[in-house]
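To start, the structure under review is shown below, and the notes come after it.
FYI, it's all coordinate maths here, none of it is from the lab. These numbers were taken from a predicted model, which means no experiment stands behind them. Backbone-built Cβ (ideal geometry, glycine too); neighbour counts: all protein chains shown.
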């Protein structure tokens, strides 16, 4: 079976799943070959519940959006426009379906291998990075975010301790001011702010 970050052809079996986040109900179509096809995963939920919403606005990027959970939920919770990108074409198709299903506005969904088709700058970039894609891809996503953030922008992400959270924090600290917003069940929610020049 192919990984969720590839475009291998798996038999489609679209199902609906629902979740409540910050008091609102969301419904999502999921399918084989996408991350967390059985419903909202713990890491993404913790990320969504830990992000200070008052710091998320303007234009945001859901990087590695999968079937659209993070971008769609933030679009409904916060007055923001949202770009959602992924390399998995099935995930992108589902994200578009789910954006319509949840009555989202100002959402732009398109294929991009990390930042290959990204041309904007964002107030926030949010990601649950695809660890199984490998360290090189994950580091391209996280360190590369610095070039696509506005001057006072933030990168928000979730990483597990067993997936190298502590070494990642050390490496991110070379480029960002890193704050740990939450630690729970081995998951770290990180806020990475662009370093002020000087």
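Each DSSP beta bridge with both residues in region 15-194 is either parallel or antiparallel, and the antiparallel ones are about 55%. Between the Cα long axis of helix 89-101 and the first principal axis of the chain there is an angle of about 80°, rounded to the nearest 10. With a Förster radius of 41 Å applied to the C-beta separation of residue 10 and residue 175, the computed FRET efficiency comes to 0.70. Each listed q (0.10, 0.13 Å⁻¹) maps to a log10 I(q)/I(0) for region 65-165, found by the Debye formula over equal Cα scatterers with no solvent: -0.26, -0.45. Only helical runs count toward this figure. For the chain, summing -39,500 (n - 2.57) over DSSP H runs of n ≥ 4 and dividing by all residues gives -7000 deg cm²/dmol at 222 nm.
More than 25 angstrom separation, counting every C-alpha pair in region 15-194; what % is that? Numbers along the way, then the final one.
On the way: 3980 of 16110 pairs.
Roughly 25 percent, once rounded to a whole number.
Helix 135-144 axis versus longest C-alpha principal axis of the chain: approximately 60°, rounded to the nearest ten.
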